[in-house]
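The next block holds one structure in the form of C-alpha cells; read it before the comments.
None of the figures in this text is laboratory data; all of them are computed from the coordinates on show. These figures come from a predicted structure and were not determined experimentally. A quick note on method: Cβ atoms are made from the backbone with ideal geometry, for glycine too, and the neighbour counts reach across all protein chains shown.
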Amino acid sequence: MKFVLALAALLAVAYAAPTQNDKGFRNEFDHLLVIEAEHRFKEIEQGLMRLSLQVETLEKSKSKALKAEILREITIGVNFATGAKEFFTREAKRTDLDLVEKFNYDAAVVSAEILIKDLTELAKKVNAIDANNK
C-alpha cells in the first residue's frame, strides 16, 4: 500500500512539475556563458593588480624586457575583453531574452568596458615609461 501511495505521489509531482521548453538549454547556455565570462573578467582584474605592481618595479628598473612583458599581458586582456564586449553586445540584442538574461548580458558588457578602460590606462602609463635596453 505504501508503494502505491509513493508511486501516486511521484506521478503527481511529475505531472505538476514544469516541463522543459525549447529555450531551456539555450537559457542555461547563456547563463553559463555569462558566469564563465565574469570569472575570466575577475582573473583579468587580478592580473591587473599584479601588473600594477610590476609597473612599479618597471619604474624603478627601466627594464625593456619587463615593459614588453607587461604590454603583452595588457594586450591579451584588452583583446579578450573587447571580444567579450562585442559578443555580449550582439547577444543582448536577441529578441528571445528575458529580463534577467538581458540584465546579465548588459552587466557583462559594462564589466568588459571597465576592464578595457583600466587596461588601456595602464598601457598608456607603461608606454610613458622610458625603458633602457636591459
Value of Rg to Rh for the stretch 26-128 (Rh from inverse mean 1/r over Cα pairs, i.e. Kirkwood): 1.10
Of the listed peptides 94-101, 121-128, what is their order by residue-averaged count of other C-beta atoms within 10 Å, with the highest listed first? 121-128, 94-101
From fewest to most C-beta neighbours within 10 Å, the residues His39, His31 line up as His39, His31
Would you mind checking which residues have amide H under 5 Å from Ile129's amide H? H placed 1.01 Å from N; only 5 or more apart, or other chain. none
Bounding extents of the stretch 64-112 in its principal axis frame from Cα atoms, largest first in Å, are 50, 14, 8
Ordered by fewest other Cβ atoms within 10 Å, a rough proxy for footprinting exposure, Ile76, Ile70 read Ile76, Ile70
Residue by residue through the stretch 102-114, which ³J(HN,Hα) values in whole Hz follow from phi under the Karplus form 6.51 cos²θ - 1.76 cosθ + 1.60 (θ = phi - 60°), with glycine and proline marked x? 4, 4, 4, 5, 5, 5, 5, 5, 5, 4, 5, 4, 5
Which whole-Hz couplings ³J(HN,Hα) result when phi for each residue of the stretch 33-38 is put into the Karplus expression 6.51 cos²θ - 1.76 cosθ + 1.60, θ = phi - 60°, listed in order with x for Gly and Pro? 5, 5, 4, 5, 5, 5
